[in-house]
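J.: Can you read through this structure? Questions will come right after.
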Amino acid sequence: MTREEVFEQVKSILVETLSVDEDKVTMDARFQEDLETDSLDLVELVMTMEDKFGIKITDEEAAEIKTVGDAVDFVMGRLG
Amino acid sequence: MMAEARLLTPHDIQAALTAQKAGVTVRVAVDALGGDHAPEIVVDGVLQAANALLKVLLVGPEGRLRELLAGRESPFVEIVDAADRIASGDEPVEAVRGKPGSSLVTAVRLTSEGAAEACFSAGNTGAMLAAGMLHVHRIKGVMRPAICTLLPAVPLPVVFLDAGANADVRPEHLRQFAVMGQVFAHEVLGIADPTVGLLSIGEEPGKGNAVTIEAHKLIAADPQINFFGNVEGHQLVQRTVDVIVADGFAGNIALKVFEGTAKTIVSEIRKAVSGSGRAKVGAAIMAPDLRRIGAALDPEEYGGAYLLGLRRPLIIGHGSSRAKGVANGIRTASRGVTSELLPTLAARIEAAGAQAP
């Protein structure tokens, strides 16, 4: 999967599952400040990403994911 | 509007909330370990509610549940084994992530996976909300699910949300709560064109905190909502609107004040009428009215609160529920499936999203 494809998948989770405004989802968007997601939203995002990409994300790793770009890079790293 | 039946008594509301639909069988997953009196009282409530049109998947430690069911097995109750328990004091998200084999999470998962169509628990409210968000997911377009409950107001209960899911909200969340509450009142209770009030500290549009003032503007501008305007705290009890919307912080405080007051008054009346001989004679004469008031103020009549905005009906019961409350909560969950609640919610939320600025 290319970086662009992973971004599109993460974006679709944010829009479809968390009801985030599509136009706000960019690589630089910060989850809490820009997308106004709360802590439960982030857990939901992490769990949906685990299902969608077939990966495991620990709580410590999840705590480091602050922007959409962080999430995309994390998935890219895992998928190798 | 004449054709629409008016709801005249609390009993009509209770009947609407717990009605079954001919020919439609619903499966409800029930957390056997949820509540202060679990699992004994939960099993009693399940046996009261289960029938040919309402099958129960009873989720908890199989051995213990078999013991409790011994001699009164029901063909409409099936046990699903889950040994672990989420306690009422557990941190919600941690518990849901850390105890996937708990009765609460298993019951919610059975619902998300389709083995059941709705779920009831009288356990940890936060854990139920987290499990619902993480496993069942919200309806597309729903920003925040809300806890929607019936306040036993006089003469009729009022639909009230958010009773505690979201301590901090934005104005557009409150607007969405108004849409959800209105759909609930119409689809589940059968109220024609329900009116919506916004809880504040004065009736004028400019009264309230910043979020409430902005929310008032948004709701008033929404043609989908039959908006009455702001309502004050006393209107929770003296019914002037069908639906009242608040943030989860104020909403939860209001609910607890209401319940505490009702409980205190009922207990004081009970004390008073069991005092002197004269009081006893008076009480005997007034007995039917006293019973009616007692029933009107009893939260167990309505059994539980909806987690509104999720893709399946999840019902949270009172931790202190007795068998009647559990049974009514399970029936309420089933009604969430047989009514048009979820498809209408999805359609209305989508329509509202399309016209939002």
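Laboratory data are not the source of any read-out in this text; all were calculated from the coordinates shown. None of these values were measured; they are calculated from a predicted model. Here the Cβ positions follow ideal geometry from the backbone for every residue, glycine too, while neighbour counts run over all protein chains shown.
J.: Please report the antiparallel percentage of DSSP beta bridges with both residues in chain B, rounded to the nearest 5. Write down the numbers at each step before the final one.
T.: Working: 11 of 40 bridges.
Rounded to the nearest five, the antiparallel share is 30 percent.
J.: For region A:1-54, report the % of Cα-Cα distances exceeding 12 Å. If you can, show how the numbers build up before the last one.
T.: Details: 917 of 1431 pairs.
Result: 64 percent of Cα pairs exceed 12 Å.
J.: May I ask you to evaluate 6.51 cos²θ - 1.76 cosθ + 1.60, the Karplus curve with θ = phi - 60°, for each residue of region B:210-222 and list the ³J(HN,Hα) values in order in whole Hz, giving x for glycine and proline?
T.: 4, 5, 5, 4, 5, 4, 4, 4, 4, 5, 5, 7, 8
J.: Right, another one. Express the Stokes-Einstein translational diffusion coefficient of region B:187-334 in µm² s⁻¹, to the nearest whole number, given a Kirkwood radius over alpha-carbon pairs, 20 °C and a viscosity of 1.002 mPa s.
T.: Values: Rh = 18.0 Å.
Stokes-Einstein gives a translational diffusion coefficient of 119 µm²/s.
J.: Skipping prolines and chain starts, which residues have an amide H placed within reach, meaning under 5 Å, of the one on residue B:230, given they are 5 or more residues away or on another chain?
T.: B:198
J.: Looking at region B:45-109, what % of the alpha carbon pairs are farther apart than 19 Å? Working shown, then result.
T.: Working: 798 of 2080 pairs.
In whole percent, the long-distance tail amounts to 38.
J.: Using only C-alpha positions, report the orientation-averaged shadow area of the convex hull of region B:100-230, nm², one decimal. Let's see the in-between values first.
T.: On the way: hull surface 36.9 nm².
Averaged projected hull area, Cα only: 9.2 nm².
J.: Over 19 Å between C-alpha atoms is what I'm after, so list which of A:11/B:99; A:24/B:217; A:11/A:66; A:11/B:140; A:24/A:66; A:11/A:52 land there.
T.: Details: A:11/B:99 29 Å; A:24/B:217 24 Å; A:11/A:66 14 Å; A:11/B:140 14 Å; A:24/A:66 15 Å; A:11/A:52 12 Å.
Violating the 19 Å Cα-Cα cut-off are A:11/B:99; A:24/B:217.
J.: Going from the alpha-carbon gyration tensor of the protein assembly as shown, what semi-axes, largest first and in whole Å, does one get by taking the root of 5 times each eigenvalue?
T.: Working: eigenvalues 280, 163, 72 Å².
Equivalent ellipsoid semi-axes, largest first: 37, 29, 19 Å.
J.: Same structure, new question: Roughly what % of Cα-Cα distances in chain B sit above 35 Å, to the whole percent?
T.: Numbers: 14643 of 63546 pairs.
So the portion of pairs separated by more than 35 Å is 23 percent.
J.: Whole-Hz Karplus ³J(HN,Hα) for region B:25-39, in order, using 6.51 cos²θ - 1.76 cosθ + 1.60 and θ = phi - 60°, x for Gly and Pro?
T.: Computed from phi, the couplings for region B:25-39 are 9, 10, 10, 10, 7, 10, 6, 6, 9, x, x, 5, 10, 7, x Hz.
J.: Divide by every residue of the protein assembly as shown the summed helix terms, -39500 (n - 2.57) for each DSSP H run of at least 4, and state the resulting mean residue ellipticity at 222 nm, rounded to the nearest 500 deg cm²/dmol.
T.: Values: 16 runs with 204 residues, N = 437.
It lands at -14500 deg cm²/dmol.
J.: Give me B:267, B:103 ranked fewest to most by other Cβ atoms within 10 Å of their Cβ, as a rough exposure proxy. Let's see the in-between values first.
T.: Values: B:267 10, B:103 31.
Listed from fewest to most nearby Cβ atoms, that is B:267, B:103.
J.: Okay, next question. Compute the relative contact order of region B:227-357 as a whole-number percentage, counting only Cα pairs closer than 8 Å that sit 6 or more residues apart in sequence. Let's see the in-between values first.
T.: On the way: 81 pairs, mean separation 17.8, N = 131.
Computed value for region B:227-357: 14 percent relative contact order.
J.: If neighbour count is taken as other Cβ atoms inside 10 Å, put B:120, B:228 in order from fewest to most. Mind dumping the intermediate values first?
T.: Numbers: B:120 36, B:228 19.
Going from least to most buried by this count: B:228, B:120.
J.: Do you know the relative contact order of chain B, to the nearest whole percent, from alpha carbon pairs under 8 angstrom that are 6+ apart? Walk me through the numbers on the way to the answer.
T.: On the way: 751 pairs, mean separation 87.1, N = 357.
Computed value for chain B: 24 percent relative contact order.
J.: Residue B:263: which lysines have alpha carbons under 25 Å from its alpha carbon, excluding same-chain residues fewer than 8 sequence positions away?
T.: Those lysines meeting the cut-off are B:271, B:280, B:324.
J.: Around residue B:80, which amide H atoms from residues at least 5 apart in sequence, or from another chain, sit under 5 Å from its own amide H, with H modelled in the peptide plane?
T.: HN-HN under 5 Å from residue B:80: B:58, B:59, B:60.
J.: Can I ask one more? Could you please state, rounded to a whole Å, how far the C-alpha centre of region B:71-139 is from the C-alpha centre of region B:183-224?
T.: Comparing the Cα centres of region B:71-139 and region B:183-224, I get a distance of 32 Å.
J.: For chain A, what does the relative contact order come out to in percent, with C-alpha contacts under 8 Å and a separation of six or more?
T.: Details: 63 pairs, mean separation 32.2, N = 80.
Relative contact order comes out at 40 percent.
J.: In whole Hz, with x marking every Gly and Pro, tabulate ³J(HN,Hα) for region B:82-87 from phi via Karplus 6.51 cos²θ - 1.76 cosθ + 1.60, θ = phi - 60°.
T.: Once rounded to whole Hz, the list reads 7, 8, 6, 10, 8, 7.
J.: Continuing with this model, one more query. Cut-off is 10 Å between beta-carbons; in what order do B:128, A:47, B:180, B:286 appear when sorted fewest neighbours first? Display every interim value, and only then the final one.
T.: On the way: B:128 31, A:47 20, B:180 28, B:286 14.
In increasing order of surrounding Cβ atoms, one gets B:286, A:47, B:180, B:128.
J.: Further question on the same structure: When the Cα centres of region A:6-22 and region B:279-325 are compared, how far apart do they sit, in Å?
T.: If we compute the Cα centre of each part, the gap is 42 Å.
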